[in-house]
Amino acid sequence: MLKVCNDWPREAFTDELVSGKYWNDFSVNAKAAAAELWRVPDMLEARRKLEELIESLAVKKVVAVGGGELPALDYLYDELAKRTELYTDKFDIARQAPQADLGISVAEFGVGETGSVCVDTYAFESRVVGMLPPVHVVFLDPAYMVRDVETAFEVIEKVFKSGYMGFITGPSRTADIERVLSLGVHGPSRFIIMAVEQGLERQVH
């Protein structure tokens, strides 16, 4: 999958900029933005939580990215595909995303100050997975946190040459009509952050 950077931890992260010590700030601010925060010990528990979500929402179709660089996520997708329709090919995602019930992607890091996650959205399929389905689950390594937005841009500028990046802060929302807050008008109405404590081991191509 096309990305701004194929290995963010190795090429953009330093101990001075990125640290798990900002997790508590991130957690408080993400919840304040109406994000659902699921912190799990490993991918086995992540799989169990996703299976519960699929069953509770009667999910019929899933579009997902990130398996190519994260072998554990690739395996998880194979297992979920036994229970529901799941698409990971970019052309399939382009066709199926408008009708999908659930989108799954991967964040590069979180921002403590805002509770946002930073997502590498250079690839078209990465953008639509996070925009079109009504529910978006994003995987995140809780050790990859920055203090604030200014630091986030310091990290990005280490690797950014061209493409697209995005910050997601809670589910889609608007108060355009009589200042009444509505969720899910322009994108997912539920935004779930799956923070995996054992980390997300990457396989760089």
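Taken over region 72-85, the residue count meeting the criterion of being in a helix (DSSP H, G or I) and open to solvent by 60 Å² or more (accessible area, probe 1.4 Å) is 3. For beta carbons closer than 7 Å, sequence separation of 6+ or different chains, a first residue in region 37-65 that is touching a residue at least 12 places away in the same chain (Cβ under 8 Å) and a second that is open to solvent by 20 Å² or more (accessible area, probe 1.4 Å) and among the aliphatic types (A, V, I, L, M), the qualifying pairs are Met43/Ala72; Val62/Leu86; Ala64/Leu86; Val65/Met1. Of all residues in region 38-89, exactly one satisfies the criterion of being touching a Phe, Trp or Tyr at 6+ places or on another chain (Cβ under 7 Å) and of a type in the set (D, E, K, R), namely Lys49. Of the helices (runs of 4 or more DSSP H) lying entirely inside region 86-205, those carrying at least 3 residues that are within 18 Å of Val62 (Cβ to Cβ) are 90-96, 124-131. Taking region 126-146 as the range and being open to solvent by 20 Å² or more (accessible area, probe 1.4 Å) and closer than 22 Å to Arg47 by Cβ as the test, the residues that pass are Pro134, Ala143, Tyr144.
Please tell me if Asp120 is surrounded by 19 or more Cβ atoms within 10 Å (Cβ to Cβ), modelled with pLDDT of 95 or more and farther than 15 Å from Ala195 by Cβ. For Asp120, the condition - surrounded by 19 or more Cβ atoms within 10 Å (Cβ to Cβ), modelled with pLDDT of 95 or more and farther than 15 Å from Ala195 by Cβ - is met.
Here Ser56, Ser19, Ser27 are screened, and the one residue that is more than 18 Å from the chain's Cα centre (by Cα), among the polar types (S, T, N, Q) and crowded, with 16+ Cβ neighbours inside 10 Å is Ser19. Scan region 104-111 and tell me whether some residue there is closer than 26 Å to Ala33 by Cα, open to solvent by 50 Å² or more (accessible area, probe 1.4 Å) and of a type in the set (A, V, I, L, M, F, W, C). The answer is no; no qualifying residue exists.
Checked against the criterion of being out of contact with any strand residue (DSSP E or B) (no Cβ under 8 Å at 6 or more places or on another chain), at pLDDT 95 or above and under 17 Å from Ala195 (Cα atoms), the candidates Glu16, Glu45 yield just one match: Glu45.
Would you mind stating whether Gly68 is open to solvent by 30 Å² or more (accessible area, probe 1.4 Å) and outside any helix (DSSP H, G or I)? The answer is yes for Gly68.
Which of the residues belonging to region 30-43 are within 16 Å of the chain's Cα centre (by Cα) and in a helix (DSSP H, G or I)? If the condition is that a residue be within 16 Å of the chain's Cα centre (by Cα) and in a helix (DSSP H, G or I), then Ala30, Lys31, Met43 are the ones that fit.
The values are calculated or read from the model by the stated rules, or taken from the named source; none is laboratory data. This structure is a prediction, so every number in the text was calculated from the model and none was measured. Cβ coordinates were reconstructed from backbone atoms using ideal geometry, including for glycine residues, and neighbour counts include every protein chain displayed. Quick note on the areas: whole protein, heavy atoms, side chains included, nothing else; ligands and nucleic acids left out. Shrake-Rupley method; radii C 1.70, N 1.55, O 1.52, S 1.80 Å.
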